[in-house]
Protein chains: 2
Amino acid sequence: MREVFQQSLRDVQNRLVEIAELVEASIENATTAFSSSDASLAESVIDEGEQIERLANELDQQTIDILALQQPVASDLRLMVGALRMSASLERMADLAQHIAQLARYRYPESAIPKGLKKTFIRMGALDVEMAQKIVELLRTQNAAVIDEVRDLDDDLDELHAKVFEKVLSDRVAETPVGVVDATLASRYHERFGDHAVSVAKQMQFFLSGSTD
Amino acid sequence: MREVFQQSLRDVQNRLVEIAELVEASIENATTAFSSSDASLAESVIDEGEQIERLANELDQQTIDILALQQPVASDLRLMVGALRMSASLERMADLAQHIAQLARYRYPESAIPKGLKKTFIRMGALDVEMAQKIVELLRTQNAAVIDEVRDLDDDLDELHAKVFEKVLSDRVAETPVGVVDATLASRYHERFGDHAVSVAKQMQFFLSGSTD
């Protein structure tokens, strides 16, 4: 019985890693589609969202079954509670990757990136991808040192997010309303992606240490 | 022991209602601050966010304690899992009310509402407030009929959200970049508020029926 239980905990961890890997692929493809105006790549990101949602729902059900049947305590309980929350965050990250891909698709064959902001958005996309990679590493290795790395990347992302508004609102970049809407939404999506990555990192901290501080 | 357990389940339910009531007050004040450019009301919404966060954290801790010590099953377990998820959604709704209040404060003494969109945003705010009221009612009465009402309100909200972009991007409303940014963000905040209300409704459905369909 104990062995079955340990196996089901490993299953949960493996599923989290699997979902995080799919999120990483999604944000990488969404970012590429956004910066290169690749409509078919954007389409594939949107299609893959369903798979991530299905996996997250399966994970939730498994977690609830473990809570009901095996009644874990201490760090095992924290992993189950954390898994429920992390699956929700990973699902949101996948949603946001889809939103970024949708912007690319809406504007195709035009670029969704306003002039003068190309470098900033490429950097934001790279930060999101790096954060997704760190989340995969954190879930796989449970190495607490990665948590601070995720937070640092999020700080960089927040700075860029502020910079986008500064540029859009300045007179230097004379934007059309479409450009302003796209920049505003895309920047917000990138920023929220980072916030959810930090949420996942915090849940791992809670699991590893029993504290969220 | 059984009585203690029943009392702790009621506690969880009461705390959810309490947090939902605070969220309702927040979105009501945020909406008023946004439409009337009331900076001090906006400030109070921002200040109250901390209280909601604290209450949500306390609720999470209580839920985890119940899972660990009283090992609920069946609908009691669903309520605990649902409480963890609903507290996260309610906290996000409070965040979004704060974001709307922040827009009002940033633009003060100017209005954050672009010309030509005043009626639309007043209607979006009213829908958000109504959804928050329905969520309080749903949590308090556990009346499943309210779930569909929440979904219907969200459909109306999504329509208005699409309309905002249509107007902002049309030539009829010649907006400054600031106006376009504000309208884009505010509309997105209102729409997300509705999405989280629907999430809470879905969790109640899961609790009441054991199914999310």
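Every number in this text was worked out from the coordinates using simple rules, so none of it is lab data. Just so you know, these numbers come straight off a predicted model, no measurement behind them. Here the Cβ is made from the backbone with ideal geometry for all residues, glycine too, and neighbour counts use every protein chain on show.
Points to keep in mind about this one:
- Cα-based radius of gyration of the protein assembly as shown once divided by 2.2 N^0.38 Å, which approximates compact folds: 0.98
- For segment B:2-209, the convex hull drawn through the C-alpha positions has a volume of 98 cubic angstrom per residue.
- Ellipticity estimate at 222 nm from DSSP helix runs (n ≥ 4, -39,500 (n - 2.57)) divided over the protein assembly as shown, nearest 500: -31000 deg cm²/dmol
- Legend: calculated FRET efficiency, A:Gln6 to B:Lys163, from the Cβ-Cβ distance at R0 = 51 Å, rounded to 0.05, equals 0.40.
- Between B:Asn143 and B:Tyr106, the contour length at 0.36 nm per residue exceeds the Cα-Cα span by 9.3 nm.
- Shortest-first nm distances, B:Asp11 label point to equivalent points in other copies (7 Å, Cα→Cβ): 3.3
- Inter-copy label distances for B:Thr176: 2.3 nm (label point placed 7 Å from Cα along Cα→Cβ; shortest first).
- Links that overshoot a 23 Å alpha carbon limit, given the list A:Lys119/A:Lys167; B:Lys119/B:Lys167; B:Lys115/B:Lys163; A:Lys163/A:Lys202; B:Lys119/B:Lys163: A:Lys163/A:Lys202
- Copy-to-copy label distances for A:Gln51, where each label lies 7 Å from Cα along Cα-to-Cβ, are 4.8 nm in order of increasing length.
- With neighbours defined as other Cβ atoms within 10 Å of a residue's Cβ, the residues A:Asp148, A:Asp156, A:Asp128 order from fewest to most as A:Asp148, A:Asp156, A:Asp128.
- In this rough spin-label picture, where each label sits 7 Å from Cα along the Cβ direction, the B:Glu53-A:Ser36 distance is 4.0 nm.
- Axis angle, to the nearest 10 degrees, between helix B:118-141 and the longest C-alpha principal axis of chain B: 10 degrees.
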